[in-house]
């Protein structure tokens, strides 16, 4: 047995915790890139500092190779380099050095939609589809679209509450939302709607049905798992 195997080392390197490290300016590049930028700031020779910055830019570009075809990709990398140096990097750059004030301005506030939804369980898009269908000319295409909307309304309503939703309620709500301009005799099932010729809205309805069914199955699996454990 090696007698030196269990001896304590002469120098103990303390473990450095992330909470004790300085904050990373751009986390997407990682701490090593940040350290490289800090090293470039310590270089006194201007030519050596320029070569170091070009090497850093090359490594930064390798981290995101799928963005190289993007317009002004290198320009963005140089801007990010200056940002990580806290705008203290003095180097000959192929692009003008950005000003800190450019990144202090807050973005414009996005207006929250103020539209009111008459029936929350159908959703705003159903109401927009109804408005578009009402604006269409009378004919087979409009009727097919109406049936597709009624089917989608039924699926959305069943996801909301399976106990109290009936076809009569769906048809009455369709008449109400369309101001009496849209009506169908009954609500077709998904496979029946799919066989209607000339309708270009069935793929959208079928996809919605599949997504709703998938969410319902996932919720049922979670409930069974909770009961079991």
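The values are calculated or read from the model by the stated rules, or taken from the named source; none is laboratory data. This one's a predicted model, so the numbers in the text were calculated from it and none came from an experiment. All Cβ positions, glycine included, derive from the backbone under ideal geometry; neighbour counts span all protein chains shown.
Here residue 25 passes the criteria (1) outside any loop (DSSP other than H, G, I, E, B); (2) surrounded by 10 or more Cβ atoms within 10 Å (Cβ to Cβ); (3) at pLDDT below 90 except the one numbered (1).
Summed over the stretch 39-50, residues that are loosely packed, with under 14 Cβ neighbours inside 10 Å and either assigned to a loop (DSSP other than H, G, I, E, B) or free of Cβ contacts under 8 Å to residues at least 12 places away in the same chain (or both) total 5.
Here residue 92 fulfils each of the conditions (1) surrounded by 13 or more Cβ atoms within 10 Å (Cβ to Cβ); (2) in contact with a helix residue (DSSP H, G or I) (Cβ under 6 Å, 6 or more places away or on another chain); (3) modelled with pLDDT under 90 apart from (1). The single residue among 114, 102, 62 that is more than 30 Å from residue 34 (Cβ to Cβ) and surrounded by fewer than 15 Cβ atoms within 10 Å (Cβ to Cβ) turns out to be 114.
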